[in-house]
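Please read the structure below before turning to the comments.
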Amino acid sequence: MNRELAAALARSFREAYGREPTLFRAPGRVNLIGEHTDYNEGFVLPAAIDLATYVAVAPRQDRRLTATSLQFDQALDCSLDEPRARVGDWR
């Protein structure tokens, strides 16, 4: 994990939520052969790329999900018990 990015993400999380987060990284990939075929028993040739998705998380007790992005100006706050309509952006 990029140490500078991880430190910035953890700091932003602490400032926003007042808690210490756990950080996760999911590496990006491209499929050189086939898209949506890997889970349909088809042939694929995935390759890792130098991009990734990073998240900072901490548990809550009230069954709510709150999400913010360092790249976008919107935030998400919803109940895990109620369906939420799509809004057409990252949320």
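Taken together, the values in this text are just the output of simple stated rules run on the coordinates, not laboratory data. Please read all numbers here as calculations on a predicted model, not as lab measurements. Here Cβ is always computed from backbone atoms with ideal geometry, including for glycine, and neighbour counts include all displayed protein chains.
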Does region 1-35 hold any residues that are without any contact (Cβ under 8 Å) to a residue 24 or more places away in the chain and surrounded by 13 or more Cβ atoms within 10 Å (Cβ to Cβ), and which are they? R14, R29, N31, G34
Step by step: first the residues of region 48-91, then only those that are among the small types (G, A, S) and under 15 Å from the mean Cα position of the chain (by Cα), then the one that is surrounded by the most Cβ atoms within 10 Å (Cβ to Cβ). Which residue is that? A56
Sort through A58, A7 and tell me the only one that's touching a strand residue (DSSP E or B) at 6+ places or on another chain (Cβ under 8 Å) and aliphatic (A, V, I, L, M). A58
May I ask you to verify whether V44 is more than 30 Å from E82 (Cβ to Cβ) and surrounded by 13 or more Cβ atoms within 10 Å (Cβ to Cβ)? yes
